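Here is the structure we will look at.
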Amino acid sequence: MVRSMKKQVLFRCLPLLLLAALVLCACSGKGNGDTPEGGVPDGSVRFENEALNYTFCYAENWEVDRSDGMAGIKCNVAGATSEAYASISVMSFTLGRGQKDWGANNYWDDYRSQLEDLYGEHISFESTKEECKLGGVIANRNRYTLQLSDMTYTYEQVICVRSGEVHLVTLTAPEGSYDKVIDCFHTVVDTFSFK
């Protein structure tokens, strides 16, 4: 009788176990977007540097601007006759003393306060603390505009805190070019992966 009950329990639980295994396999990828782990989206190239603990993809019409402790890529958004660059920078650094328990929202609140103190009426915040993921880790997305001299720039920034380190991915777009370059920023964020 005990053996018969075990068979019935196993028979009833088996479909649930198979379903759970399928769900776990489907969710095991590290990427945030539709790109398979290790895959490079069409029209993109992969950024890698042995010294950095992350990798990401970016649009092939962008160029690496720096790769020396941080990553930077840029794209001329003005056209063939002049130069005006949008850029995406990726940097990581360790949280300071007294900040070890901070998450992305704590970091953003402190950074936003510093920006407001520094730029006052020249900065405006469009959206803040929108939850997203960076390399599979919960992060926040923030967008703001900044008037510097006669130029206005739009910044979009994803902030992630992982193992005591802040990881910032920042888009800087000159006025009028944000819509042209936001897709490349999304590609960087969606394909970002920690090593």
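What to note about this one:
- Within region 121-146, residues that are closer than 15 Å to PHE194 by Cβ and in contact (Cβ under 8 Å) with a residue 24 or more places away in the chain sit with their Cβ atoms under 8 Å from residues that are outside any helix (DSSP H, G or I) and of a type in the set (Asp, Glu), at 6+ positions apart or across chains, in these pairs: ILE138/GLU131; ALA139/GLU131.
- Unique residue being of a type in the set (Gly, Ala, Ser) and at pLDDT below 90 when the list is ALA71, ALA80, ALA59, ALA86: ALA80
- The single condition among (1) touching a Gly at 6+ places or on another chain (Cβ under 7 Å); (2) open to solvent by 80 Å² or more (accessible area, probe 1.4 Å); (3) under 15 Å from THR187 (Cα atoms) that LYS100 does not satisfy is (3).
- Scan of region 111-124 for residues that are in contact with a Phe, Trp or Tyr (Cβ under 8 Å, 6 or more places away or on another chain) and either surrounded by 14 or more Cβ atoms within 10 Å (Cβ to Cβ) or at pLDDT below 95 (or both), ordered by number: ARG112, LEU115, ILE123
- Residues satisfying the stated conditions in region 179-195, i.e. assigned to a helix (DSSP H, G or I) and either surrounded by fewer than 18 Cβ atoms within 10 Å (Cβ to Cβ) or modelled with pLDDT under 95 (or both): ASP179, LYS180, ILE182, ASP183, HIS186
- Scanning region 34-48 for residues that are modelled with pLDDT of 90 or more and either over 16 Å from HIS167 (Cβ atoms) or surrounded by fewer than 18 Cβ atoms within 10 Å (Cβ to Cβ) (or both) yields a total of 8.
- Across region 139-168, the number of residues qualifying as open to solvent by less than 10 Å² (accessible area, probe 1.4 Å) and either under 14 Å from THR128 (Cα atoms) or at pLDDT below 95 (or both) comes to 9.
- For region 63-97, the set of residues classified as open to solvent by 60 Å² or more (accessible area, probe 1.4 Å) and either more than 26 Å from ASP150 (Cβ to Cβ) or free of Cβ contacts under 8 Å to residues at least 40 places away in the same chain (or both) consists of GLU63, VAL64, ASP65, ARG66, ASP68, ALA80, THR81, GLU83, MET91, PHE93, THR94, ARG97, listed by residue number.
The values are calculated or read from the model by the stated rules, or taken from the named source; none is laboratory data. Here the structure is a predicted model, which is why all the values come from computation and not from measurement. Cβ coordinates were reconstructed from backbone atoms using ideal geometry, including for glycine residues, and neighbour counts include every protein chain displayed. Heads up: the accessible areas ignore ligands, DNA and RNA and are worked out on the full protein's heavy atoms, side chains in. Shrake-Rupley method; radii C 1.70, N 1.55, O 1.52, S 1.80 Å.
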